[in-house]
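Values quoted throughout were computed directly from the atomic coordinates according to the rules given, and no laboratory measurement underlies them. If you're wondering where the values come from, they're calculated on a predicted model, not measured in any experiment. Cβ placement follows ideal geometry from the backbone for every residue including glycine, while neighbour counts extend to all protein chains displayed.
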Amino acid sequence: NDEIFKNVISHAKEYGFVFQSSEIYDGLSAVYDYGQLGAELKNNIKQYWWKSMVQLNENIVGIDSAIFMHPKIWKASGHVDGFNDPMIDNKDSKKRYRADQLLEDKIARYEKDGKTDKANDLQKEMDLALNDDNLPRLKELIIDHEIVCPVSGTRNWTDVRQFNLMFSTQMGAMAEGSDEVYLRPETAQGIFVNFLNVQKSGRMKIPFGIAQIGKAFRNEVIARQFIMRMREFEQMELQFFVKPGTEMEWYNKWKESRLKWHLALGTNPAKYRFHDHTKLAHYANAAVDIEYEFPFGFKEVEGIHSRTDFDLKQHQEFSGKKMQFFDPEINQSYVPYVVETSIGVDRFFLLTLINAYEEQDLSTEDKKDSRTVLRLHPVLAPYKAAILPLTKKDGLPEKAREIMNSLKLDFNITYDEKDSIGKRYRRQDAIGTPFCITVDHQSLEDNTVTIRHRDSMEQERVAIADLDRIIANLVSW
Ligand code: ATP
């Protein structure tokens with residue numbers, strides 16, 4: 001599993017999906033850049049989400065709010081006082097860790113060594129301490145279980161302290177001398193503070209939703225597992241406003257509907273599970289994670305939370321503006337309840353790569369052969385088709401370019417004439433291009449080409465005039 005994960009990471013770099021940020025300066029921890037194919041895949045993921053959430057739902061609209069917001073918003077939301085991770089430093093290595101992560105690693109170690117009782121006990125103790133924000137107890141557990149620093153190997157720990165995950169910066173010329181602003185740690189608050197603007201200008205009636213895709217920033221203490229946990233990342237969030245008392249109905253509806261969204265992309269259902277939260281955040285009355293089995297275990301990709309009227313009420317109190325909806329059916333005003341679905345673009349990108357990545361042995365009795373293929377859903381694939389002239393002469397490249405020009409307004413198409421046709425097929429397999437269109441000498445005579453399908457590697461001969469319709473069919477959803 002570690003091996004596969006390593007291969008996926010190097011594949012992502014080799015083919016221009018993901019690069020370490022600032023690589024020539026030795027990188028910036030937990031920050032990544034998307035390369036030429038990564039940007040396409042990421043855009044396709046966002047489009048698939050936007051289309052299915054916003055454009056296919058009459059009662060959902062999308063916005064794009066600013067990253068900077070009034071600092072009071074983060075007071076109201078609870079982030080200034082409560083968006084913390086417990087951290088601890090090792091005095092010898094000067095390295096900083098998340099206290100709960102050190103304990104979780106220890107629990108995993110106990111489990112690996114077959115010490116299930118010890119693992120369960122420690123898990124319980126840790127949950128209790130986290131629930132009570134009992135920082136001295138977390139340190140006690142680290143000492144009692146003889147946890148050593150992975151770098152220095154010593155047990156010379158500081159006390160456990162809370163570490164706020166929000167990045168802050170200065171904004172010029174703000175009133176009252178308070179010029180500190182935050183980089184938003186979630187996109188949700190941009191939706192809540194625009195609730196009335198959208199409701200009124202869009203004449204929205206409850207139940208309705210506001211969706212948003214955008215960057216979020218968290219100063220994560222630990223940076224691990226590639227683009228799983230980043231300091232700058234992107235979220236796709238829906239806040240769905242409902243009548244109080246109906247929230248559980250909507251919560252269950254969104255829970256099912258979001259899982260369907262994942263599975264519609266052909267991801268393996270056996271890799272998914274729901275994880276219901278027993279410990280609820282202060283604003284929630286129900287919460288569930290959609291988890292995917294990554295090579296390093298089941299991890300959250302998406303959260304669905306019933307957030308009650310917490311956020312709107314807080315903004316009502318802190319801003320002094322009423323955040324109510326007048327419901328003509330019951331002739332009453334109320335502060336709506338909210339059901340949220342929140343998924344990380346980057347985490348879903350990683351899921352998509354891992355799910356699609358396959359090393360296949362194609363050896364026959366007389367010949368060794370293999371390929372690496374990204375079995376991406378055609379909707380997500382960076383290129384929908386590759387146009388390949390069989391040879392570089394006899395007018396084949398010209399014919400191929402002509403076909404390319406007739407298709408490229410409708411689809412993202414790539415062209416390749418370098419190396420043998422077999423090598424070119426492999427290259428397209430490796431980046432997930434679902435169809436290769438090969439132009440050969442027969443094409444010049446009868447205006448037909450072959451289409452090779454990435455997954456089955458089967459080929460069929462079709463008329464050039466039909467290509468547009470055929471590709472549209474194959475990449476539609
Ligand atoms: P975690 O427990 O993994 O830190 P979270 O519960 O804090 O996640 P939420 O605040 O619910 O996450 O955010 C919603 C989604 O945003 C997550 O399901 C995840 O996909 C994504 N996300 C959160 N933090 C990060 C991060 N640091 N890097 C990449 N994606 C993230």
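Tabulated data
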{"quantity": "Set of lysines with alpha-carbon distance to Lys95 below 22 Å, sequence-local pairs under 8 removed", "calculated": "Lys106, Lys139"}
{"quantity": "Cross-link pairs Lys6/Lys368; Lys13/Lys72; Lys260/Lys384; Lys42/Lys322; Lys205/Lys321 - those with Cα-Cα distance over 31 Å", "calculated": "Lys13/Lys72; Lys42/Lys322"}
{"quantity": "Positive-end residue of Asn134, Tyr97, Asn447, charge dipole of the chain with Cβ unit charges", "calculated": "Asn447"}
{"quantity": "All aspartates and glutamates inside 12 Å of Lys46 as judged from Cα atoms, apart from same-chain residues fewer than 8 positions distant", "calculated": "Glu234, Glu237, Asp346"}
{"quantity": "Extreme residue, positive dipole direction of the chain, given options Ser319, Gln225, Thr154 (C-beta unit charges)", "calculated": "Ser319"}
{"quantity": "Gyration tensor (alpha-carbon) shape descriptor, segment 383-475, a/c threshold 1.5", "calculated": "rounded"}
{"quantity": "Cβ-placed point charges (K, R +1; D, E -1), dipole of segment 334-477 about Cα centre in debye, nearest 20", "calculated": "340"}
{"quantity": "Packing-based ranking, highest mean first, of 456-464, 214-222 given that Cβ atoms within 10 Å are counted", "calculated": "214-222, 456-464"}
{"quantity": "Point-charge dipole on Cβ atoms (K/R +1, D/E -1) for the chain, about Cα centre, debye to 20", "calculated": "580"}
{"quantity": "Where labels lie 7 Å past Cα in the beta-carbon direction, separation of Asp132 and Arg461 in nm", "calculated": "7.9"}
{"quantity": "In degrees, nearest ten, helix 247-263 long axis to first principal axis of the chain (Cα)", "calculated": "30"}
{"quantity": "Acute angle (nearest 10 degrees) that the helix 345-356 long axis makes with the longest principal axis of the chain, alpha-carbon atoms", "calculated": "40"}
{"quantity": "Estimated vicinal HN-Hα couplings, Hz - segment 303-315 in sequence order (Karplus 6.51, -1.76, 1.60; Gly, Pro = x)", "calculated": "x, 10, 10, 8, 8, 6, 9, 3, 5, 5, 5, 4, 5"}
{"quantity": "Under 5 Å, built H, 5+ apart or other chain: amide partners of His277", "calculated": "Ala287, Val288, Asp289"}
{"quantity": "Dipole in debye (nearest 20) - segment 1-123, about Cα centre, beta carbon charges: Lys, Arg +1; Asp, Glu -1", "calculated": "260"}
{"quantity": "Charge context of Gln101, other residues only, Cβ under 15 angstrom, K/R +1, D/E -1", "calculated": "+3"}
{"quantity": "Nearest-ten-degree value, helix 36-50 long axis tilted from longest Cα axis of the chain", "calculated": "60"}
{"quantity": "Relative contact order for segment 383-475, counting Cα pairs under 8 Å that sit 6 or more residues apart, in percent", "calculated": "29"}
{"quantity": "Cα gyration tensor shape of the chain, rounded if a/c is under 1.5, else prolate or oblate by comparing a/b with b/c", "calculated": "oblate"}
{"quantity": "Helix-derived mean residue ellipticity, 222 nm - over the chain, DSSP H n ≥ 4, -39500 (n - 2.57), to 500", "calculated": "-10500 deg cm²/dmol"}
{"quantity": "Karplus-derived HN-Hα couplings along segment 365-373 (A = 6.51, B = -1.76, C = 1.60, θ = phi - 60°), whole Hz, x at Gly and Pro", "calculated": "4, 9, 9, 7, 7, 7, 8, 10, 10"}
{"quantity": "Packing rank of 158-169, 430-441, 33-44, 348-359, where each peptide gets the mean count of other beta carbons within 10 Å, highest leading", "calculated": "430-441, 348-359, 33-44, 158-169"}
{"quantity": "For segment 121-128, 3J(HN,Hα) per residue [Karplus equation, 6.51 cos²θ - 1.76 cosθ + 1.60, θ = phi - 60°, Hz, x = Gly/Pro]", "calculated": "4, 5, 4, 4, 4, 5, 4, 4"}
